[in-house]
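Visitor: Encoded as structure tokens, here's the structure I'll be asking about.
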Amino acid sequence: MAEAKRPILELRDIEKSYGATDEAKVIDGVDLAVQAGESLAIIGPSGCGKSTLLNIMGTLDRPTAGSVRLDGEDVARLDDRALAGVRNKKIGFIFQLHHLLPQCSIIENVMVPTIVGPGGEEVRQRAERLLERVGLSHRLSHRPGQLSGGERQRVAVVRALVNRPSLLLADEPTGSLDRKGAEGLCDLLVELNKEEKVTIIMVTHSMALAERMGKVLELDEGKLGRPKKLEDDPKAEKAPKAEEAGKAEEAREVEEQRRAEEARKADEARKAEESRRAEAKREAEQERREEARLAEEPRQAEEAAEKRRKARKKKASSKEKVSAKKSSGKKKTSTRGSARGKGKRK
């Protein structure tokens with residue numbers, strides 16, 4: 001007989017209480033086993049404890065009682081340092097809000113979980129491949145403020161997958177998106193579940209999205225079981241607050257993008273005006289220099305002509321002096337000759 005596969009995640013009799021009384025018990029005796037590669041959705045009304053249960057699965061919170069086993073290891077017994085290592089290597093998280101670092105580029109945000117690991121070119125290449133897979137290869141150097149809400153959530157998905165986790169936990173990942181964005185993100189999660197062989201557990205208000213997962217469970221009054229129809233459940237929300245929050249978030253993002261675009265255009269206009277002024281100043285300086293050069297040419301020509309006149313005059317004067325010296329020498333020779341003649345006749 002073949003040995004049964006060990007669940008990748010196993011919860012045994014999980015309880016979570018806030019306070020000393022049973023009235024404050026949020027999770028009440030939950031048992032769950034999830035196999036590697038499965039996809040699971042957990043539904044339920046707001047405040048029922050879905051996010052609390054997901055945080056316990058992801059070791060972000062500790063149960064009041066019970067055990068959490070990941071790959072057979074009871075992680076509830078590990079200290080905080082060891083749990084941080086487990087989360088970094090084995091678990092990926094996607095939250096309702098993307099929680100991207102606004103000052104970092106998209107590729108830098110995706111690489112954040114790899115900082116404590118070996119890193120290297122291989123990790124960078126995986127990050128780029130995943131961004132290409134989700135249609136964001138042209139956005140590597142952009143910042144989160146330059147992306148739409150759906151694009152930012154896709155970046156958050158890639159960030160959660162970059163370290164090759166075996167378990168992906170998604171807490172209302174479509175809560176801040178419109179219907180089209182939510183459907184697109186859900187399609188992406190389904191595809192990645194098959195392609196990356198990663199186990200996905202998602203909590204959501206939406207039964208339509210939940211049914212895209214391989215299995216659906218409902219958390220109600222602390223108990224986890226097969227879902228009831230939401231329309232028959234008096235505690236279910238007909239108009240979930242998450243949808244309203246999503247619309248508000250989308251409107252805020254649109255306004256942020258509009259302001260960013262206006263600021264960008266204003267900055268471009270300022271730079272263009274500065275460039276125009278600098279060019280006009282440069283042209284004016286060139287014209288001034290040209291005018292000065294043209295004004296200087298007649299003066300330089302006159303100076304050159306004056307130098308030539310002086311040179312000719314100096315040359316003529318030198319010739320006259322030489323001629324005068326020669327004439328004076330001849331007269332002296334003639335006088336000496338006449339004096340010698342007279343002496344002989346005497």
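Visitor: Only one residue in 207, 202 is in contact (Cβ under 8 Å) with a residue 60 or more places away in the chain, of a type in the set (A, V, I, L, M) and surrounded by fewer than 22 Cβ atoms within 10 Å (Cβ to Cβ), so which one is that? Break it down stepwise before answering.
Guide: Values: 202 fails: surrounded by fewer than 22 Cβ atoms within 10 Å (Cβ to Cβ).
Being in contact (Cβ under 8 Å) with a residue 60 or more places away in the chain, of a type in the set (A, V, I, L, M) and surrounded by fewer than 22 Cβ atoms within 10 Å (Cβ to Cβ) holds for just one of 207, 202, which is 207.
Visitor: Residue check: is residue 37 modelled with pLDDT of 80 or more, assigned to a loop (DSSP other than H, G, I, E, B) and not aliphatic (A, V, I, L, M)?
Guide: Working: modelled with pLDDT of 80 or more: yes; assigned to a loop (DSSP other than H, G, I, E, B): yes; not aliphatic (A, V, I, L, M): yes.
Taking the combined requirement at face value, the residue satisfies it.
Visitor: Would you please list the contacts, defined by Cβ atoms under 6 Å and residues six or more apart or on different chains, that run from a residue in region 51-66 that is under 18 Å from residue 97 (Cα atoms) to a residue that is in a loop (DSSP other than H, G, I, E, B)?
Guide: 55/61
Visitor: Consider residue 186 against the criteria (1) within 23 Å of residue 90 (Cβ to Cβ); (2) crowded, with 23+ Cβ neighbours inside 10 Å; (3) not hydroxyl-bearing (Ser, Thr, Tyr): it satisfies all of them except one. Which criterion is unmet?
Guide: (1)
Visitor: Right, residue 158: surrounded by 15 or more Cβ atoms within 10 Å (Cβ to Cβ) and either in contact with a Lys or Arg (Cβ under 7 Å, 6 or more places away or on another chain) or not aromatic (Phe, Trp, Tyr) (or both) or not? Walk me through it before giving the result.
Guide: Working: surrounded by 15 or more Cβ atoms within 10 Å (Cβ to Cβ): yes; either in contact with a Lys or Arg (Cβ under 7 Å, 6 or more places away or on another chain) or not aromatic (Phe, Trp, Tyr) (or both): yes.
Here the answer is yes, as residue 158 does meet what is asked.
Visitor: Sticking with this structure for a sec: Is it true that residue 174 is crowded, with 18+ Cβ neighbours inside 10 Å, assigned by TED's automatic domain parsing to the domain that holds residue 92, touching a strand residue (DSSP E or B) at 6+ places or on another chain (Cβ under 9 Å) and at pLDDT 85 or above? I'd like the intermediate steps shown before the answer.
Guide: Values: crowded, with 18+ Cβ neighbours inside 10 Å: yes; assigned by TED's automatic domain parsing to the domain that holds residue 92: yes; touching a strand residue (DSSP E or B) at 6+ places or on another chain (Cβ under 9 Å): yes; at pLDDT 85 or above: no.
No.
Visitor: Scan region 79-99 residue by residue and report those that are touching a residue at least 12 places away in the same chain (Cβ under 8 Å) and not in a strand (DSSP E or B). Break it down into steps so the answer makes sense when it comes.
Guide: Within region 79-99, the first condition is being touching a residue at least 12 places away in the same chain (Cβ under 8 Å), and the residues that meet it are 83, 86-99.
83, 86, 87, 88, 89, 90, 95, 96, 97, 98, 99 - these are the residues of region 79-99 that are touching a residue at least 12 places away in the same chain (Cβ under 8 Å) and not in a strand (DSSP E or B).
Visitor: Here are the criteria: (1) out of contact with any Lys or Arg (no Cβ under 6 Å at 6 or more places or on another chain); (2) part of a helix (DSSP H, G or I). Tell me which single one residue 60 does not satisfy.
Guide: So the condition that residue 60 fails would be (2).
Visitor: Looking at 87, 69, which is the one that is under 17 Å from residue 165 (Cα atoms), surrounded by 16 or more Cβ atoms within 10 Å (Cβ to Cβ) and touching a Lys or Arg at 6+ places or on another chain (Cβ under 8 Å)? Give the steps one after another, and end with the answer.
Guide: Details: 87 fails: touching a Lys or Arg at 6+ places or on another chain (Cβ under 8 Å).
Of 87, 69, the one residue that is under 17 Å from residue 165 (Cα atoms), surrounded by 16 or more Cβ atoms within 10 Å (Cβ to Cβ) and touching a Lys or Arg at 6+ places or on another chain (Cβ under 8 Å) is 69.
Visitor: Among the listed residues 62, 152, 77, which satisfies the condition of being surrounded by 20 or more Cβ atoms within 10 Å (Cβ to Cβ) and of a type in the set (D, E, K, R)? Step through it out loud before you land on a result.
Guide: Numbers: 62 fails: surrounded by 20 or more Cβ atoms within 10 Å (Cβ to Cβ); 77 fails: surrounded by 20 or more Cβ atoms within 10 Å (Cβ to Cβ).
None of the others qualify; the one that does is 152.
Visitor: Could you check region 113-140 and list, in sequence order, the residues that are part of a loop (DSSP other than H, G, I, E, B) and modelled with pLDDT under 80? Please lay out each step first, then the result.
Guide: First, pick out the residues of region 113-140 that are part of a loop (DSSP other than H, G, I, E, B): 115-120, 134-136, 140.
The answer is 115, 116, 117, 118, 119, 120, 134.
Visitor: Of the conditions (1) crowded, with 19+ Cβ neighbours inside 10 Å; (2) modelled with pLDDT of 85 or more; (3) out of contact with any helix residue (DSSP H, G or I) (no Cβ under 9 Å at 6 or more places or on another chain), residue 43 satisfies every one except a single condition; which number is it?
Guide: (3)
Visitor: Output the residue which, of all residues in region 90-111 that are among the aliphatic types (A, V, I, L, M) and out of contact with any Pro (no Cβ under 6 Å at 6 or more places or on another chain), is surrounded by the most Cβ atoms within 10 Å (Cβ to Cβ). Walk me through it before giving the result.
Guide: The initial filter retains those residues of region 90-111 that are among the aliphatic types (A, V, I, L, M), namely 91, 94, 97, 100-101, 106-107, 110-111.
Subset that is out of contact with any Pro (no Cβ under 6 Å at 6 or more places or on another chain): 97, 101, 106-107, 110-111.
Details: 97: 16, 101: 11, 106: 26, 107: 18, 110: 28, 111: 18.
So the residue we want is 110.
Visitor: Which residue pairs have Cβ atoms under 8 Å apart, sit 6 or more places apart or on different chains, and have a first residue in region 294-316 that is of a type in the set (Gly, Ala, Ser) and a second that is exposed (fewer than 10 other Cβ atoms within 10 Å of the Cβ) and assigned to a helix (DSSP H, G or I)?
Guide: Listed by first residue and then by second, the contacts come to nothing, as the list is empty.
Visitor: When you check residue 258 against the structure, is it modelled with pLDDT under 75 and surrounded by fewer than 10 Cβ atoms within 10 Å (Cβ to Cβ), yes or no? Before the answer, list the steps.
Guide: Details: modelled with pLDDT under 75: yes; surrounded by fewer than 10 Cβ atoms within 10 Å (Cβ to Cβ): no.
No, not satisfied.
The values are calculated or read from the model by the stated rules, or taken from the named source; none is laboratory data. This one's a predicted model, so the numbers in the text were calculated from it and none came from an experiment. FYI the Cβ positions are ideal-geometry reconstructions off the backbone, even for glycines, and counts take in every protein chain you see.
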